[in-house]
Every structure is written in C-alpha cells, then in structure tokens.
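Asks: One structure coming up, written as structure tokens, with questions to follow.
The values are calculated or read from the model by the stated rules, or taken from the named source; none is laboratory data. On a predicted model such as this, the values are computed, not experimentally measured, just so you know. Here the Cβ positions follow ideal geometry from the backbone for every residue, glycine too, while neighbour counts run over all protein chains shown. Only protein heavy atoms, including side chains, enter the accessible area calculation; ligands, DNA and RNA are left aside. Shrake-Rupley method; radii C 1.70, N 1.55, O 1.52, S 1.80 Å.
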Amino acid sequence: MSNRYIKYIITFTVGIIMAYAVFSYKNIFGASDTSYIVRILSDGFLVPAVIIGGIGILLLVSNGGMFDIFIYSSRLIRETFKRKENRDTNFPKTYFDFKQQRDKEYSIAHFLVAGGVFLLLSIVFNVLFYYV
C-alpha cells in the first residue's frame with residue numbers, strides 16, 4: 001500500500017474517531033427519536049469536517065507563503081537575543097535566503113478531501129433533519 005493511501009486512511013480514521021466521540025457524548029445509542037438521531041449525526045460529522053478541513057485550509061495558506069514573514073521575523077528576534085556562541089549558524093541572513101530554503105510544499109489533499117467528505121455527510125444529515 002502506498003504512502004498516499006495511508007495518509008487518507010489515517011485522516012479518515014481520526015475523523016471517524018472524532019465523530020464517534022461526539023456520538024457518544026450526545027448519547028446517540030440511547031436515542032429513540034429519528035429527528036434527534038439525524039441531528040446528532042449531523043453534529044457528529046460537522047466536528048471532524050471543521051477540524052480536519054480547517055487544518056487543510058491552514059496548510060494550503062501556509063504552502064502559499066502567507067505565514068513565512070511571521071516565521072522569519074520570530075526566528076530572527078529569537079536569534080537576536082541569543083548569545084553569540086549559541087546562535088544558529090545556518091540561519092539565513094536575509095528574508096530572500098529564508099524563502100529559498102523554505103521552498104517546499106506539503107501534501108494537503110488528504111486533509112481537504114476528508115474534511116469535504118465529512119462536511120458533505122453533515123450537510124446531508126442536516127437536510128434530512130429538516131425533512132424528516
């Protein structure tokens with residue numbers, strides 16, 4: 001099994017565990033009313049959708065370089081206050097050098113796909129809640 005599929009399996013498993021935690025917290029297994037069960041299912045799938053999808057969107061923005069200036073400036077401030085013998089010798093001198101070192105992108109598709117699937121499930125159960 002390739003590394004690509006393992007990322008998807010792990011992400012979906014974490015999402016299912018989060019949804020199950022919400023189901024257990026709201027006592028879905030003791031509920032008897034159909035509309036209440038559908039509402040719990042909608043709520044349960046919305047939590048992993050927001051968390052996993054939010055992580056995917058943050059990584060998407062980060063891959064675009066949105067947070068690079070903040071990372072560089074915080075590391076520069078930290079390096080400025082260190083003693084000379086403790087400073088990182090590999091720390092880039094300019095922001096351009098920092099951007100050249102940091103030019104790598106992370107795989108985020110598994111976060112976006114899993115978040116989208118859980119959001120779609122939540123929307124389906126939410127529509128069912130209003131029509132059942």
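Asks: Based on alpha-carbon centroids, what's the gap between region 1-46 and region 54-132 in Å, whole number please?
Replies: Centre-to-centre distance over Cα atoms comes out at 26 Å.
Asks: Under a straight-distance cross-link criterion of Cα-Cα below 29 Å, which lysines are reachable from Lys84, leaving out those fewer than 8 residues away in the same chain?
Replies: Lys93, Lys99
Asks: Efficiency by 1/(1 + (r/R0)^6): what FRET value for Val124 and Val61, r their Cβ-Cβ distance, R0 = 35 Å, to the nearest 0.05? Intermediate values should be presented prior to the final figure.
Replies: Details: r = 28 Å, r/R0 = 0.79.
Approximately 0.80, to the nearest 0.05.
Asks: Using a 10 angstrom cutoff on alpha carbons, build the Gaussian network for the chain and name the most mobile of Lys99, Lys84, Lys26.
Replies: Result: Lys84 has the largest fluctuation of those listed.
Asks: Given a 1.4 angstrom probe, what's the average accessible area per residue across region 3-127, in square angstrom? Intermediate values should be presented prior to the final figure.
Replies: Values: 8470 Å² over 125 residues.
It amounts to 68 Å² per residue over region 3-127.
Asks: On to the next question. Spelling out what I want: for every residue of region 109-122, take phi, set θ = phi - 60°, compute 6.51 cos²θ - 1.76 cosθ + 1.60 (Karplus), and round to whole Hz; glycine and proline get x.
Replies: 4, 5, 5, 5, 5, 5, x, x, 5, 5, 5, 4, 4, 5
Asks: Can you give the angle from 0 to 90° between the axis of helix 68-80 and the longest principal axis of the chain, with both taken from C-alpha atoms, to the nearest 10?
Replies: 50 degrees
Asks: What percent does the relative contact order of the chain come to when contacts are Cα pairs within less than 8 Å and at least six residues apart?
Replies: Values: 109 pairs, mean separation 56.6, N = 132.
Dividing the mean separation by the residue count of the chain yields 43 percent.
Asks: On to the next question. Roughly what angle does helix 3-25 make with the longest principal axis of the chain, taking Cα atoms, 0 to 90 degrees, to the nearest 10?
Replies: 50 degrees
Asks: A further question follows. Order these peptides, 44-55, 2-13, by their mean beta-carbon neighbour count within 10 angstrom, highest first. Display every interim value, and only then the final one.
Replies: Numbers: 44-55: 20.1, 2-13: 12.7.
Descending packing order for the listed peptides: 44-55, 2-13.
Asks: Could you list the chymotrypsin sites (Phe, Trp or Tyr not before Pro) in region 48-132 that lie in coil according to DSSP, counting only those with at most 15 other Cβ atoms within 10 Å of their Cβ? List each step's numbers first, then the result.
Replies: Values: sites: Phe67, Phe70, Tyr72, Phe81, Tyr95, Phe96, Phe98, Tyr106, Phe111, Phe118, Phe125, Phe129, Tyr130, Tyr131; in loops: Phe67, Phe81, Tyr106.
Listed in order of number, the matching sites are Phe67, Phe81, Tyr106.
Asks: To the nearest 20 debye, what charge dipole does the chain have about its Cα centre, counting +1 at the Cβ of each Lys and Arg and -1 at the Cβ of each Asp and Glu?
Replies: Numbers: 14 positive and 9 negative charges, 113 e Å.
Dipole about the Cα centre, nearest 20: 540 debye.
Asks: Put +1 on the Cβ of each Lys and Arg and -1 on the Cβ of each Asp and Glu in the chain; which of Phe67, Val14, Ser122 then has its Cα farthest toward the positive end of the dipole?
Replies: My answer, from the dipole projection, is Phe67.
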